[in-house]
Amino acid sequence: MLARTTLYDKLWEAHCVSHRPDHPAVMYVDLHLVHDGTYRRAFEMLEQGKLAVRRPDLTFATTDHCLPISDPSRPMPPVVTGLSAACARHGISIYGPEHERQGIVHVIGPELGLTQPGKSVACADSHTTTHGAFGALAFVIGTTQVLHALATQCILQRRARTMSIVIDGALQRGVTAKDLILAIITRYGIAAASGHAVEFSGSAIRAMGMEERMTLCNMAAELGARTALIAPDDRTLDYLHGRPFAPKGTDWERALARWRLLVSGEDGRFDSRLRFDACEVHPMVTWGTTPAMGMAVNAAIPAPESVGAPEEREAAEQALRYMGLAPGTTAQEMPVDVVFIGSCTNSRIEDLRAAAGVLRGRKVAPGVRLLVVPGSQAVRRQAEAEGLREVFTAAGGEWGRPGCSLCVAMNGEFAGARKYVASTSNRNFQDRQGPGARTLLVSPLTAAASAVDGRIADPRRYLAD
Amino acid sequence: MASFRHLRSRLVPLLGPDIDTDQIIPAQYVNAAGTEALARALFRRLRDQNARFVLDRPEMAGRTVMLVGSNFGCGSSREAAAWALSAWGIRALIGRSFNATFSGNCLQNGLLPIAAPLEAHGALCEAIGAGADPEIAIDLERDRVEFTELGIAFSVGLEPFARELLLRGMDELHYLLDRRAEIEAYETRGGPLQ
């Protein structure tokens, strides 16, 4: 029987406080991550109801969504200062704009060792799926549920259906986890995993470092997944060992024993299964207004007539109008005005190293703006210590303060109308990066190569031997 | 939260697949405070780009049900999408399918997302496309959605717990606060994986 239990089932059952028939389950939150984008109404309701934060010790806050990036002299918006004040009132640890642990919520959780295998992690952000890369049960919640988690340390949840995505084969050189997940989304669509908990497994996953696994789980949100999971292995443990909040000494040994049990049974019963071959993936770029409107960098934009249902065809036509692109245009003919390297998808040290590897000794094409925004203060310090900042600025790029920046454009900083933005972020929705902005989702390698060419480029041309 | 029992309205049609929450409310307005500001933020970019956008047509004023396509509310989990729809006056959505986080957020705010069966949804879209302007009657107590003029009817299809909360105008917080003894017991025995 146990062999048919999936990792999701194990995590679900371990966090289920109670479950009445015909009711959603009461699920315990081991780690509640709060950020400046979605907290305000929750704290207002908490205080209006004269409720206390049940477990401030399990609640951590950071500022990321609304920080000024390009012009750090701009005053902090009230939602940023308000979060610090709210956390102070309730005894919650807050990593404010200048704190050494500040950063994008999905970057700092893992980086500080707060995110651990077997924990449940709730955060009012759709990319909370990122934490599943550690075998943690990630809950994407809304602001009302932030209130619930603050007041009771629990949320109500319906059990998700389960989906196994097995990815075998090795990624080619110059092809990243970002390209892989874009290829999967392009093939299966943005609702392919709707309502599902997705578990990624297979030889390609085992070969990935934690940063790449986080990129993959992060973008499972763009498959519609409610949560994503990767079973922890030696790489997970190596990553966590010695992190500030990771267990220490004998606690670490005990934790290892528990974490090693966090795998799906050999005959794990999934509601659906997909298989994907990593060998076939090329560097990817999107041409439209959903992450599923993608193609390889050596391909051309497909004709809308070739798309299946009439509804989808119409959506593709509308996307092309918005993007100012035509069917048959090759990826490498697509112009680039802005290059954004950052976001919870691709702003970790490995991402910056990859981009810097392409940009070292090269210049950004005339007229192209390159903005590099490290995911956290720790990533910023590490990158500066390694000389990566120098590489980006010498190439003509800007080096921003850690935050969500141009991924969500919630800070009032936009790419201009009709500007093409080669972006390592996760969403190319219409107007997402500013009114009229045209997002082309790419990997950090492709972003860097495109900055040099001033057009979408195949990064494999720029890789050192 | 006000209780939801029944309502009658004509539809605000906003068809097309995969309408994401960035379109429903752009990120810069997510922290807008007050009903008026949230209502103004609803579909702000699309309204700015098109003076004839459906929400701003005079005949749409006062309507409380929106007809949408598939995978409505995908993308960002921002609850402000539900707040903005409510602020404009929308109390129910009829669609082919909804993003799970989005529909959860709607229910937390007394906004009812109803997934219509394929055939009924197709017939509705076709009728609207042909110029019909039918009235919808939603009766949550009887679990019934009816378009009498079109001869279309289906069930609301909400799970019993969510339906009960809406009918009674209750929110999940009170249910959770009532589980205090269970939560304490869980904390005392320690989560098995921690």
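The values are calculated or read from the model by the stated rules, or taken from the named source; none is laboratory data. None of the values given here were measured: they were computed from a predicted structure. Cβ coordinates were reconstructed from backbone atoms using ideal geometry, including for glycine residues, and neighbour counts include every protein chain displayed. Heads up: the accessible areas ignore ligands, DNA and RNA and are worked out on the full protein's heavy atoms, side chains in. Shrake-Rupley method; radii C 1.70, N 1.55, O 1.52, S 1.80 Å.
Per-structure values
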item	result
Charge dipole magnitude, Cβ of K and R +1, D and E -1 - the range A:1-151, Cα centre, debye nearest 20	360 debye
For the range A:200-359, with +1 on Lys and Arg beta carbons and -1 on Asp and Glu, the positive-most of A:His282, A:Thr329, A:Gly308 along the dipole	A:His282
Computed magnitude of the charge dipole of chain B (debye, nearest 20; Cβ of K, R +1, Cβ of D, E -1)	380 debye
Equivalent ellipsoid semi-axes - Cα gyration tensor, the range A:162-215, angstrom	19, 13, 10
Pairwise burial A:B, computed as accessible area of each alone minus the pair, summed, 1.4 Å, Å²	4600 Å²
Estimated D of chain A in µm² per second, where Rh is the Kirkwood radius over Cα pairs and Stokes-Einstein applies at 37 °C, 0.692 mPa s	147 µm²/s
Solvent-accessible area of A:Tyr420 with every protein chain in place, 1.4 Å probe, in Å² to the nearest 10	20 Å²
Order of exposure, largest accessible area first, which applies to A:Phe414, A:Phe270, A:Phe200 with probe 1.4 Å	A:Phe414, A:Phe270, A:Phe200
Cα-centred dipole magnitude for the protein assembly as shown, charges only on beta-carbon of K, R (+1) and D, E (-1), debye, nearest 20	740 debye
Solvent exposure ordering (accessible area, 1.4 Å, most first) of B:Cys106, A:Cys16	A:Cys16, B:Cys106
Extreme residue, positive dipole direction of the range A:1-282, given options A:His35, A:Gly265, A:Ala231 (C-beta unit charges)	A:Gly265
Accessible area (Å², per residue) of chain A, counting only protein heavy atoms and a probe of 1.4 Å	34 Å²
Sulfur and carbon atoms: percent of accessible area, the range A:1-89 [1.4 Å]	58 percent
Binned Cα-Cα distance frequencies in the range A:366-465 - 10 Å width, integer %	16, 45, 34, 5, 0
Prolate/oblate/rounded call for the range B:1-115, Cα gyration tensor, a/c under 1.5 rounded	rounded
Helix axis angle, A:444-453 relative to chain A longest principal axis, alpha carbon, degrees	20 degrees
For chain A, with +1 on Lys and Arg beta carbons and -1 on Asp and Glu, the positive-most of A:Thr143, A:Met214, A:Ser443 along the dipole	A:Thr143
The range B:6-189, accessible surface, carbon-and-sulfur percent (1.4 angstrom probe)	48 percent
Fraction of antiparallel bridges per DSSP, chain A only, in percent to nearest 5	20 percent
Binned Cα-Cα distance frequencies in the range A:51-171 - 5 Å width, integer %	2, 9, 17, 22, 20, 13, 7, 5, 3, 1, 0
Shape parameters for the range A:286-462, alpha-carbon atoms, Rg then Dmax in Å	15.8, 53
Within straight-line cross-link reach of A:Lys363, lysines at Cα separation under 30 Å, skipping those fewer than 8 residues along the same chain	A:Lys178, A:Lys419
Percentage relative contact order, the range B:53-142, counting C-alpha pairs under 8 Å, at least six apart	25 percent
Given chain B, longest segment not containing exposed loop trypsin sites (Lys or Arg not before Pro) (DSSP; at most 14 other Cβ within 10 Å)	B:53-141
Under 17 Å from A:Lys50, Cα to Cα: aspartates and glutamates that are on another chain or at least 8 residues apart	B:Asp171, B:Glu172, B:Asp178
Loop-resident sites, the range A:261-369, for GluC sites (Glu not before Pro), counting at most 10 other Cβ within 10 Å (DSSP)	A:Glu266
Mean Cα-pair separation over length for chain A, i.e. relative contact order, pairs under 8 Å, 6 or more apart, %	17 percent
q = 0.11, 0.22, 0.23 Å⁻¹, the range A:130-247: log10 I(q)/I(0) [Debye, one scatterer per Cα]	-0.40, -1.25, -1.31
Proximal lysines relative to A:Lys119, as straight alpha-carbon distance under 20 Å, when same-chain residues fewer than 8 apart are discounted	A:Lys10, A:Lys248
Average other protein chain Cβ within 10 Å of Cβ, residues B:16-25	5
Alpha-carbon gyration tensor eigenvalues x 5, square-rooted, for the range B:6-189, Å	29, 22, 14
